[in-house]
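Student: Below you'll find the structure I mean.
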Amino acid sequence: MDWAGLRFQDPAWLWATLAGPLVLLFAWLRERDGRARAVAFPGASRLLRLRPGWRVRLRHLPVLLAAVSLVAGAVALARPQHGTLREDVTTQGVDIVVSLDVSGTMAAQDFQPRNRLEVAKEVVGEFVRRRPADRVGLVVFAGRSLTKSPPTTDSAVLLRQLDDVRLEMLPDGTAIGSGLATALTRLRRSKAKSRVIVLVTDGDNNAGEIDPATAADMAKAMEVRVYTILVGRGGRVPMPVRARDPFTGAVVTETVMADVKVNPDLLRRIAERTGAEFFRAEDPAALRQVFERVDRLEKSEIRTAAYRRYRELFPSVLALAAGLLAGAGLLWTSGLRVVPA
């Protein structure tokens, strides 16, 4: 039984359960008083070697049954009830699409000890796990865009798709407009109360057939908020470059300083155009703080209504009390009792 759902309708009657222990105390005092007033009989010590019969051993049973009967009767009068809880949960969630840049510059190693993409994937995964009530999708883009997962509440599937994201999976480039447009396509038929895109990139738009400003106008028309996040810093950053050793012919990876162009003004305009915010994260800790802020800004509305139906338990407890009392009376009348000397 679920004891958390147990209650008493008239708990004041529980005080009457003290009658049971009082009956036992009275019986014990009565027998002790009878022993104290007993007359000494010469040679009675020889009787100690005799084993007592079952009537002697069970002489206290009627009183014990009567005491337990009084306790059960008091519990029955308190009307024990057991309730089963039913909860109706209504969720008005948020449909979210994360549009993640996988261009070559996301391999920059200024997010030591890992590159930008590895850190971004880890933080996005944490973000997904914090939103079990929402549908979250994933779009990746570089020179063109690709849907990895439409919005879904199955976080396990989404996380597997996120784990599969890697550099060089798309032609190189940074098609911000295409990444945004593909994410909007995933939200086109959404009926959620709130629709959101989280655009994560580290560069400037330099590829794709859709202008970012046009994509931002589309988002505004669809009432989709676009939070833009610029990861990493511009200028010269450490980049891994693969080259062939001229002596051995083996392909080796070297780290060189390369110029990376960023356009924070473009990302800020996209966010402001859609009624959202622009963020900049130049290290892993800052990127986590940004996603935590987005998580707080876009909360789902969850309403819970709880109902508890109670079932009366006193009939069975009362029947137990009556049965015990009847048994005690039957044993008493049959001669199974304590008789003081």
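The values are calculated or read from the model by the stated rules, or taken from the named source; none is laboratory data. Fair warning: this is a prediction, and the values are worked out from it, not measured in the lab. Cβ placement follows ideal geometry from the backbone for every residue including glycine, while neighbour counts extend to all protein chains displayed. Please note that ligands, DNA and RNA were not included when accessible areas were found on the heavy atoms of the full protein model with its side chains. Shrake-Rupley method; radii C 1.70, N 1.55, O 1.52, S 1.80 Å.
Student: Provide K220, K299, K121, K261 ordered by accessible surface of protein heavy atoms (probe 1.4 Å), highest first.
Tutor: So, going from the largest accessible area down, we get K261, K299, K220, K121.
Student: How much FRET efficiency would the formula 1/(1 + (r/R0)^6) give for Q112 and L6, where r is the Cβ-Cβ distance and R0 is 41 Å, rounded to 0.05?
Tutor: Taking R0 as 41 Å, the efficiency between Q112 and L6 is 0.10.
Student: How do F127, F8 stack up against each other in accessible area, from largest to smallest, with a 1.4 angstrom probe?
Tutor: So, going from the largest accessible area down, we get F8, F127.
Student: Relative to the present Cα-Cα distance, how much length would full extension add between A319 and R188 at 0.36 nm per residue of separation?
Tutor: Here the answer is 40.7 nm.
Student: Taking the simple approach of a point 7 Å from Cα along Cα-to-Cβ for both R269 and E209, what is their distance in nm?
Tutor: Placing both labels 7 Å beyond Cα along the Cβ direction yields 2.3 nm.
Student: Out of V260, S194, V294, whose Cα points farthest toward the positive end of the dipole of region 171-308 (charges: +1 Lys, Arg; -1 Asp, Glu; placed on Cβ)?
Tutor: Of the listed residues, the answer is S194.
Student: Round to the nearest 10 and report in Å² the accessible area of W332, as given by a 1.4 Å probe over the protein chains' heavy atoms.
Tutor: 100
Student: With all protein chains present, calculate the accessible area of L320 using a 1.4 Å probe and round the result to the nearest 10 Å².
Tutor: About 100 Å², ignoring ligands and nucleic acids.
Student: Also, quick follow-up: Could you pull out the pairs from K148/K191; K121/K220; K193/K220; K220/K299; K261/K299 whose alpha carbons sit more than 23 Å apart here?
Tutor: In this structure, K121/K220; K261/K299 lie more than 23 Å apart at Cα.
Student: What is the gain in length, in nm to one decimal, between D163 and F26 on full extension, counting 0.36 nm per residue of separation less the C-alpha to C-alpha distance?
Tutor: Net length gain for the segment: 41.8 nm.
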